[in-house]
Amino acid sequence: MKEYYKSTRLARLLTKFVMQDISEGEKKELVSLARKAGVNIQKIIQDVAEKEMTLGNDDAEIETGKKVWLSIENELKRPKRHVGRLLLRYAAIIIVCLGLSGGFYLYMNQVDDTGREIVLLENETVLEFPSGHSVVLTDKTNVLDIIRQNTVPLEKKSTSAPELYKVRVLCGATRTIILEDSTTVVLYPGSELQFPEFFSLDERSVMLLGEGYFNVKRDSTRPFTVNTEQISIEVLGTSFNVRAYKEEQTIETVLVTGKVMLNGTTVLQPNQMAIFDCGNRQIKVEEVNADVYRERSRGMFVFDNRTLDEIMHEFSQWFGFEYSFEDSALKNKKFRLRLPHMDRFDQLMSLMEKTGEIRFLVSGNHIKIKNGKE
């Protein structure tokens, strides 16, 4: 996991470097990581760019980033002596892929986004204690350490009910929470997870509002249940994604590995999505590419055949803007997009505009989406 973090961090820093959106502190970090890997940043970017330029413009897509991302994972399985060189090489390829859309190379031709700069919201994640008191978590805060400092002694746990804590991710980031049983949960912007300080001897149960990616520690003696306001999802040990925002009319559960059961009736297999309609309370099951959700949990913006309205809604949770459509028909236009997280939405707008399908007009904190072919 440490090596995977290095690869994703290098990809982000290289992205910011090429797009000329990197701070002095980040430059020093990039140089330090490159020095430890024993490679030349400029040479790698240049070599990869020249190689990609020979592929032909017509076959280039933003979506190519998915293959590169998977390549990083595969290469990390090799002996460690290869890791440093390969991390930076594949990170550099991601940079080139960022610029590919209909033959447009962001790397070779910088986009003038004067007056369109929209940056990430300031990250704010809050831990709420059972008493109602709350603290803002920093990036380095270990939630379990804080909880352990406030829990009853171990010998009293068998005779006392566990107290409930909440983690709320308000905006602009994701937050990974490690629960008492070593289950991990990646929470997305506008999400809340309620969980006990410790699980009982016969069950594990949490409450989710919003969206989370779960990697549940297997324990056949204690089923793990994710409760939302409308449905419950029971598992033994598996990874899956749940989207249950209060303002949305459906709840989506996507199974990546293992097996889950919804409301005690509907069983999902890997690469299946259960869509619960909050109005008629019916469940519909569809086949999906579950790798999309694994990628998102590891630091990617990934949309696989999603409507533009769905994409813009998610981006608004990260960047805090309001948006509208000049033509309502644009809401249902579907896109595929795979990119590492960026700190500025104007860079994402430029990439999306190069598809020729849409244009963005920015006025303060409001974005109007127009037909790109008019």
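Conditions (1) under 16 Å from the mean Cα position of the chain (by Cα); (2) crowded, with 19+ Cβ neighbours inside 10 Å, marked per residue:
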site: Ala244; (1), (2): yes, yes
site: Gln249; (1), (2): no, no
site: Val256; (1), (2): yes, yes
site: Thr265; (1), (2): no, no
site: Gly279; (1), (2): no, no
site: Lys284; (1), (2): no, no
site: Asp291; (1), (2): yes, no
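Mind checking whether some residue in the range 155-176 is in a loop (DSSP other than H, G, I, E, B), surrounded by 18 or more Cβ atoms within 10 Å (Cβ to Cβ) and over 25 Å from the mean Cα position of the chain (by Cα)? Explain how you work it out, then say what you get.
We begin by selecting, within the range 155-176, every residue in a loop (DSSP other than H, G, I, E, B); these are 157-163, 172-174.
Still in the running and surrounded by 18 or more Cβ atoms within 10 Å (Cβ to Cβ): 172-174.
With over 25 Å from the mean Cα position of the chain (by Cα) added as a condition, the list becomes none.
Taking every residue of the range 155-176 in turn, none turns out to be in a loop (DSSP other than H, G, I, E, B), surrounded by 18 or more Cβ atoms within 10 Å (Cβ to Cβ) and over 25 Å from the mean Cα position of the chain (by Cα).
Listed here are the residues, each with its yes/no results for (1) closer than 17 Å to Cys278 by Cβ; (2) within 15 Å of the chain's Cα centre (by Cα); (3) surrounded by fewer than 18 Cβ atoms within 10 Å (Cβ to Cβ).
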{"site": "Gln194", "(1), (2), (3)": "no, no, yes"}
{"site": "Arg204", "(1), (2), (3)": "no, no, no"}
{"site": "Asn215", "(1), (2), (3)": "no, yes, no"}
{"site": "Ile231", "(1), (2), (3)": "yes, no, no"}
{"site": "Gly237", "(1), (2), (3)": "no, no, yes"}
{"site": "Asn241", "(1), (2), (3)": "no, yes, no"}
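May I ask you to say which residue of Val136, Val167 is modelled with pLDDT of 85 or more and either over 25 Å from Ser200 (Cα atoms) or among the acidic types (Asp, Glu) (or both)? Outline the logic, then answer.
Details: Val167 fails: either over 25 Å from Ser200 (Cα atoms) or among the acidic types (Asp, Glu) (or both).
Checking each option against the conditions leaves just Val136.
Scan the range 224-257 for residues that are of a type in the set (Gly, Ala, Ser) and in contact with a Phe, Trp or Tyr (Cβ under 8 Å, 6 or more places away or on another chain) and jot them down. Spell out how you get there, then give the answer.
Applying the first criterion (of a type in the set (Gly, Ala, Ser)) to the range 224-257 yields 232, 237, 239, 244.
Those that are of a type in the set (Gly, Ala, Ser) and in contact with a Phe, Trp or Tyr (Cβ under 8 Å, 6 or more places away or on another chain): Gly237, Ser239.
Give the number of residues within the range 341-360 that are acidic (Asp, Glu), closer than 25 Å to Ser297 by Cα and outside any helix (DSSP H, G or I).
Going residue by residue through the range 341-360, those that are acidic (Asp, Glu) are 343, 346, 353, 357.
Subset that is closer than 25 Å to Ser297 by Cα: 343, 346.
Right, trim to outside any helix (DSSP H, G or I) and you get 343.
Qualifying residue count for the region: 1.
If you take the residues of the range 321-352 that are of a type in the set (A, V, I, L, M) and under 19 Å from the mean Cα position of the chain (by Cα), which of them is nearest to Ile22 (Cα to Cα)?
In the first step, residues of the range 321-352 are kept if they are of a type in the set (A, V, I, L, M); the result is 329-330, 337, 339, 342, 348-349, 351-352.
So of that shortlist, the ones also under 19 Å from the mean Cα position of the chain (by Cα) come out as 337, 339, 342, 348-349, 351-352.
Values: Leu337: 23, Leu339: 17, Met342: 11, Leu348: 16, Met349: 19, Leu351: 19, Met352: 22 Å.
Once the filter is applied, the top-ranked residue is Met342.
What about Asp113, is it of a type in the set (D, E, K, R) and either surrounded by 19 or more Cβ atoms within 10 Å (Cβ to Cβ) or at pLDDT below 80 (or both)?
Working: of a type in the set (D, E, K, R): yes; either surrounded by 19 or more Cβ atoms within 10 Å (Cβ to Cβ) or at pLDDT below 80 (or both): yes.
Yes, satisfied.
Scan the range 194-208 and tell me whether some residue there is of a type in the set (Gly, Ala, Ser), over 23 Å from Thr266 (Cα atoms) and not assigned by TED's automatic domain parsing to the domain that holds Glu314. If you could, list the steps in order and put the result at the bottom.
Applying the first criterion (of a type in the set (Gly, Ala, Ser)) to the range 194-208 yields 200, 205.
Now restrict to residues that are over 23 Å from Thr266 (Cα atoms): 200.
Then drop every residue that is not not assigned by TED's automatic domain parsing to the domain that holds Glu314, which leaves 200.
Checked against the condition, which is being of a type in the set (Gly, Ala, Ser), over 23 Å from Thr266 (Cα atoms) and not assigned by TED's automatic domain parsing to the domain that holds Glu314, the range 194-208 yields at least one hit.
Just need a number here: residues in the range 316-374 that are of a type in the set (Val, Ile, Thr) and in contact with a Phe, Trp or Tyr (Cβ under 8 Å, 6 or more places away or on another chain).
Of the residues in the range 316-374, the ones of a type in the set (Val, Ile, Thr) are 355, 358, 362, 367, 369.
Checking the rest, the ones that are also in contact with a Phe, Trp or Tyr (Cβ under 8 Å, 6 or more places away or on another chain) come to 355, 367, 369.
Qualifying residue count, the range 316-374: 3.
Of everything in the range 298-340 that's small (Gly, Ala, Ser) and either part of a loop (DSSP other than H, G, I, E, B) or assigned by TED's automatic domain parsing to the domain that holds Val242 (or both), which residue is nearest to Asn241 (Cα to Cα)? Don't jump to the end; show me each part of the working.
Keep residues of the range 298-340 that are small (Gly, Ala, Ser), which gives 299, 316, 320, 324, 328-329.
Narrowing the set further to residues that are either part of a loop (DSSP other than H, G, I, E, B) or assigned by TED's automatic domain parsing to the domain that holds Val242 (or both) leaves 299, 320.
Numbers: Gly299: 15, Gly320: 23 Å.
Filtering first and then ranking leaves Gly299.
Could you please let me know if Gln269 is in contact with a Phe, Trp or Tyr (Cβ under 7 Å, 6 or more places away or on another chain) and surrounded by fewer than 16 Cβ atoms within 10 Å (Cβ to Cβ)? Break it down stepwise before answering.
Numbers: in contact with a Phe, Trp or Tyr (Cβ under 7 Å, 6 or more places away or on another chain): no; surrounded by fewer than 16 Cβ atoms within 10 Å (Cβ to Cβ): yes.
So Gln269 does not fit the description; no.
Please tell me if Lys333 is without any contact (Cβ under 8 Å) to a residue 40 or more places away in the chain, surrounded by 15 or more Cβ atoms within 10 Å (Cβ to Cβ), of a type in the set (Lys, Arg) and out of contact with any Gly (no Cβ under 7 Å at 6 or more places or on another chain).
yes
The values are calculated or read from the model by the stated rules, or taken from the named source; none is laboratory data. Keep in mind that this is a model prediction, so the values were computed, not measured. A quick note on method: Cβ atoms are made from the backbone with ideal geometry, for glycine too, and the neighbour counts reach across all protein chains shown.
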